[in-house]
Amino acid sequence: MAGTLQGKVALVTGAGMGLGRASALAFAREGSKVVVADIDVENGQKTVDMIKKAGGEAAFVRTDVSKAKDVEAMVEKTVATYGGLDCAHNNVGIEELPEPLTEGTEETWDRIVDIDLKGIWLCLKYEIIYMEKHGGGSIVNTSSIAGLIGAPLQAMYTACKYGVNGLTRSAAGDYAKAGIRVNAVCPAGMHGTGFFNRMLAVQPGMAEAVKEMVPLGRDSAPEEVAEAVIWLCSDSASYITGIIMPVDGGFTIT
Ligand SMILES: NC(=O)c1ccc[n+]([C@@H]2O[C@H](COP(=O)([O-])OP(=O)(O)OC[C@H]3O[C@@H](n4cnc5c(N)ncnc54)[C@H](O)[C@@H]3O)[C@@H](O)[C@H]2O)c1
């Protein structure tokens, strides 16, 4: 049976591990050719190997999403390798380890904003430049529940994720007529990700606290969030653009 994204070309950033890897594998399972973009060459190549082992098609492009030249080249290489770009999952985001706002440094701000906010803008920019001239496409940005609440002790990260939501909605409105849909997913805690593990290392009680706070009573697998990304990119979501979709087990209900 053909997949829901058969024959499409999909680009996933931060696909060397965590949600990006789960998303890249899911795009491949659904029949897409996948470009795996990451700053980490070894892990990115591992994702490509996993896709190939499962019978899919994938290529790695080393990219730092905070650098315009890299992001422009990432889109160019995608088109050069697979002849187009239909779907993009702009997923890279780094965590802010919990700290009072008053103790944050300019260095931390610059690093987080460069990667988590500017990185999403750069990806949108170069993907849209291509998609606008080539009949449209579908883009999903990874935001967070931190973009829907005020995440305690993570003001910089929270600010970036609200910014990702803003970029998503502005881009969705501006490029709908060009046939480009732009949406965002907002995960809560995803176990097994580098991000979650690093947060756990400094907040050992976090796993239990998440279970308490999430109505469904557990954290998620990154694969559960990847399914929402795939659905948003598919024709099943053809009338959906500009949504900021919680994939959070109900965390943001109250
Ligand atoms: N893990 C969670 O619990 C959680 C919760 C809510 C939202 N999120 C969001 O989900 C997204 C993915 O997070 P994850 O948990 O899979 O993270 P992760 O740490 O497991 O993986 C992130 C990947 O991004 C890559 N990366 C980092 N900086 C990069 C850069 N400058 N350019 C290119 N690649 C870079 C890393 O090498 C890594 O492969 C992020 O946007 C994060 O904010 C995560």
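The values are calculated or read from the model by the stated rules, or taken from the named source; none is laboratory data. Here the structure is a predicted model, which is why all the values come from computation and not from measurement. Every residue, glycine among them, receives a Cβ derived from its backbone with ideal geometry; neighbour counts consider all protein chains shown. Note: accessible area is taken over every heavy atom of the protein model, side chains too, but ligands, DNA and RNA are not part of it. Shrake-Rupley method; radii C 1.70, N 1.55, O 1.52, S 1.80 Å.
With r defined as the distance between the Cβ atoms of LEU216 and ALA54 and R0 fixed at 35 Å, what FRET efficiency is calculated, to the nearest 0.05?
0.80
State to the nearest 20 debye the size of the charge dipole of region 122-240 about its Cα centre, where the only charges are +1 on K and R beta carbons and -1 on D and E beta carbons.
So the magnitude is around 340 debye.
Can you give me the C-alpha center-to-center distance between region 19-69 and region 174-240, rounded to a whole angstrom?
For region 19-69 versus region 174-240, the Cα centre distance is 18 Å.
What net charge is computed for the residues neighbouring CYS123, neighbours being all others with C-beta under 12 Å from the C-beta of CYS123, Lys and Arg scored +1, Asp and Glu -1?
Neighbourhood net charge equals -2.
Work out how much length GLU42 to ALA209 would gain on full extension: take 0.36 nm times their residue separation and subtract the Cα-Cα distance, in nm to one decimal.
56.8 nm
Find which of ALA155, ILE112, LEU25 sits farthest along the positive direction of the dipole of region 9-246, computed with +1 on the beta-carbon of Lys and Arg, -1 on that of Asp and Glu, about the Cα centre.
LEU25
In the chain, carbon and sulfur make up what percent of the accessible area (probe 1.4 Å)?
56
What percent does the relative contact order of the chain come to when contacts are Cα pairs within less than 8 Å and at least six residues apart?
Relative contact order of the chain: 19 percent.
About the Cα centre, and with charges only on the beta carbon of Lys, Arg (+1) and Asp, Glu (-1), how big is the dipole of region 9-246? Nearest 20 debye, please.
620
Pull up all non-local amide H partners of GLU57: gap of 5 or more, or a different chain, and H-to-H distance under 5 Å with H placed in the peptide plane.
VAL34
Quickly work out the HIS191-to-LEU101 label distance, labels modelled 7 Å from Cα along the C-beta direction, and quote it in nm with one decimal.
3.4
Quick check: pseudo-label points 7 Å beyond the Cα along Cα→Cβ at GLU72 and LEU200, how many nm apart are they?
4.1
Show me the helices of the chain, taken as full DSSP H stretches, that run 27 Å or more along their long axis by Cα and average -1.0 or above in Kyte-Doolittle hydropathy.
Result, helices passing both filters: 155-175.
Mind listing the Cα extents of the chain along all three principal axes, in Å, largest one first?
Taking max minus min along each principal axis of the Cα atoms, the chain gives 47, 37, 36 Å.
Students often get this wrong, so check it: of LYS53/LYS177; LYS118/LYS211; LYS77/LYS211; LYS52/LYS177; LYS53/LYS77; LYS33/LYS133, which have C-alpha atoms separated by over 30 Å?
LYS53/LYS177; LYS118/LYS211; LYS77/LYS211; LYS52/LYS177
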